[in-house]
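Everything below concerns the one structure shown next.
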Amino acid sequence: MSSLAAPVCNSMDVSEDDDDYFFYHENISFNSSYDDYPVLCEKGDVRSFAAAFLPAVYAACLLAGLAGNGLVVAVYAYHKRLRTMTDAFLTHLAVADLLLLFTLPFWAADAARGWELGGVLCKVVSACYSVNFTCCMLLLACISLDRYLAVARVRGREGGRWLRRVVTRRHCWKLCSAVWATAFVLGLPDLILSEVRWLSDRSVCLAVYPASMAQGGQAALEVAEVLLGFLLPLLVMVICYGSVGRALRGLPADVGGRKRRALRVLLIVVGVFVVTQLPYNVVKLYRAMDSVYALVTHCVTSKVLDKAAQVTESLALTHCCLNPILYAFVGSSFRQHLVKVAKKFSQRRRRTRRREDPAVDGGMEMSFNSHSASQETNTFSI
């Protein structure tokens, strides 16, 4: 697993035999001839860029993500009983997003000053980042699959019977457990291999691969992450949302406005996923191939690749902030839950005011009673 899975500031994963962090290619084999030694590539400008860029981006992601995902978790925790599978998937997605976001302050401090928190936290934070990032992607695939099956049930389609038997509320906890277990397996290399190393003028937290797997093993793990964390969710989303889109296009003309809005939402969901995740995974795959075939042979190219890894990974993290908007807030089920929470909170505040000041409560009571419950629900907006 490369440093793309753990956002170390000027990250190049190293093998146990490497003594200098700033060789332009970290897994090069050393020969007996001094002429074959790699040229030193000082990356002070890469560290400076990371120290200024990453803390600012991580702080913005943390604030926005905590607000949206925290609201999702609070609403579903208040109701306790989840009515649909999508509700369950959205809750797990919000929890995974929050756990991922909680690692960002550690990586921001690492980018600015180096890793000063010890080896145990290095392993835990690296694994937590990798596990929850992968889990988010797999849960997005589960949500798209559930929506596809919901449309198939309404239309009375016979196809996908075995999927309907598996993707049910009774088996929901099994599906979520399988997602978390898969993500945990992909996060094990970070938990096992991450170490704190003194490189150049600071300590950094990064995955240190044994010499026996510094090339092939590292690349295999990177490719597995790309396949399970990007290509598989993308394929499921395209197939499922494509089927849902065809079903929506077949609806009667009298629901044209709602049909267009629904199709627009589907296109936005898939488009945002591609825009935020594709650049990150392209760079990740290229770095995996570079660890095997030594594609990068110039210092300038290595620096550009490091900066591209930082920028594209930050772009991929913005999906954690957008998930509540794309999946929870646009759904009628979540909006209904949110309305109920808001109404109960309002009633609780009125009861509190009634005890403190009955005169004020009388005026408020008249205002609320002038509208029916349905009107309150219909006029409530996020």
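From the phi angles alone, apply the Karplus equation (6.51, -1.76, 1.60; θ = phi - 60°) to region 123-140 and give each ³J(HN,Hα) in whole Hz, x where the residue is Gly or Pro. Running phi through 6.51 cos²θ - 1.76 cosθ + 1.60 with θ = phi - 60° gives 5, 5, 5, 4, 5, 4, 4, 5, 4, 6, 5, 5, 4, 4, 5, 5, 5, 4 Hz. For Trp115, the amide hydrogen comes within under 5 Å of the amide hydrogens of Ser203, Val204, Cys205, counting only partners 5 or more places away or on other chains and with H modelled in the peptide plane.
Annotation: the residues Glu313, Glu42, sorted from fewest to most other C-beta atoms within 10 Å of their own C-beta, follow the order Glu42, Glu313. For Val208, the residues whose modelled amide H falls within less than 5 Å of its own, excluding neighbours fewer than 5 places apart on the same chain, are Ser194, Glu195. For the pair Glu116 and Ile192, label points projected 7 Å from Cα toward Cβ lie 3.3 nm apart.
Our coupling estimate for region 316-327, obtained by passing each phi through the Karplus curve with A = 6.51, B = -1.76, C = 1.60 and θ = phi - 60°, is 5, 5, 4, 5, 4, 7, 8, 3, x, 6, 6, 10 Hz, Gly and Pro reported as x. Converting phi to 3J(HN,Hα) with the Karplus coefficients 6.51, -1.76 and 1.60 and the offset θ = phi - 60°, region 141-152 yields 5, 4, 5, 5, 5, 5, 5, 4, 5, 5, 5, 5 Hz in sequence order, with x at every glycine or proline.
Only the coordinates and a few stated rules stand behind these numbers; no lab work does. The structure presented is a predicted model; accordingly, all values stated were derived computationally and were not measured. Cβ: placed from backbone, ideal geometry, glycine included. Neighbour counts: every protein chain shown.
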